[in-house]
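The values are calculated or read from the model by the stated rules, or taken from the named source; none is laboratory data. Computed from a predicted structure; not experimentally measured. Virtual Cβ from ideal backbone geometry, glycine too; neighbours counted across all protein chains shown.
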Amino acid sequence: MDLSEIKAITEGLIFVSGDDGITKRELQKMLDLDKDMLEHVLNELKFDYESSSRGMMIIESKGAVFFTTKPEHSEYYAKLTETKSISKLSQAALETLAIIAYLQPITRTEIEQIRGVKSERPVQTLIARALIEEVGRKEGIGRPILFGTTLEFLTYFGLKSLEDLPPLPDEIDEMDVEQEADLFFDRFQELEN
C-alpha cells in the first residue's frame, strides 16, 4: 500500500469510529503499521485538515484519535442544533414536556392520566434529548419514578428558572394543561423564528 491509500483508510477508520474515536494501537493492528509509520500518517492527516479550508480536524484525547469540528465555526453548529432538536419532537413529546415542566415532579402514570394516552415513548424521547430526567421516586406501591426538567431544558428554551414559564391559572383541568402547553410552545417557536 502506498502512503495516500494508508492515509485514506486511516481517515475512514477514524470517521467510522465516531465520537468514541479509535486508539493508535487499534489503528496499528488494522493497518499493520509500526508506531513510527502510524505517527507519520496521523501527522500528515492532521496537517491536511488544519492547512485546508475544511470544517473538520483530527485530534487525540484520552488515548483515542477522532474527528471533531473546528472551534472557529461553533456558532454555526449551535444554530443547527437549535433548529433541529425541537422541530423533531412530536406533538406527544411536546405535550408531555409541558406537563412535566408545569407539574414536576410527576410520574409517568400521572402524565398518562392527564393526557389520556400512554406516554412511555414521549418520556423516553425526552430523556434521550436530556430535556427531562429522573428526579426521585414517589412513596407508595412500586415507588414509581418521578420526572422533572433538566438544566438543558432551561437552556434550550432560554429560561433562567422554572419561574420564567408562562403562568398557569390557579385551577387547571386537562383542557387547560393542553391549552397552556400549546401557548408555551407557540411562544418558543416564535422565539426560534
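Just a few scattered comments:
- Subset of the stretch 1-29 [surrounded by 13 or more Cβ atoms within 10 Å (Cβ to Cβ) and of a type outside the set (A, V, I, L, M)]: K7, T10, E11, F15, S17, G21, T23, K24, E26, Q28
- Taking the conditions (1) more than 17 Å from S161 (Cα to Cα); (2) aliphatic (A, V, I, L, M); (3) out of contact with any Pro (no Cβ under 8 Å at 6 or more places or on another chain) in turn, A101 satisfies each one other than (1).
- Enumeration of residues in the stretch 111-147 that are touching a strand residue (DSSP E or B) at 6+ places or on another chain (Cβ under 9 Å), in a helix (DSSP H, G or I) and over 18 Å from L165 (Cβ atoms): V123, I127
- Scanning the stretch 100-149 for residues that are basic (K, R) and closer than 20 Å to L168 by Cα turns up just one, R115.
- Among the conditions (1) touching a helix residue (DSSP H, G or I) at 6+ places or on another chain (Cβ under 9 Å); (2) polar (S, T, N, Q); (3) at pLDDT below 90; (4) outside the structural domain of R121 (by TED's automatic domain parsing), the only one that S53 does not satisfy is (1).
- Unmet criterion (only one of (1) without any contact (Cβ under 8 Å) to a residue 60 or more places away in the chain; (2) under 30 Å from L154 (Cβ atoms); (3) surrounded by 12 or more Cβ atoms within 10 Å (Cβ to Cβ)) for Y102: (1)
- Any hit, the stretch 40-57, residues being in contact with a Leu (Cβ under 7 Å, 6 or more places away or on another chain), part of a strand (DSSP E or B) and surrounded by 15 or more Cβ atoms within 10 Å (Cβ to Cβ): no
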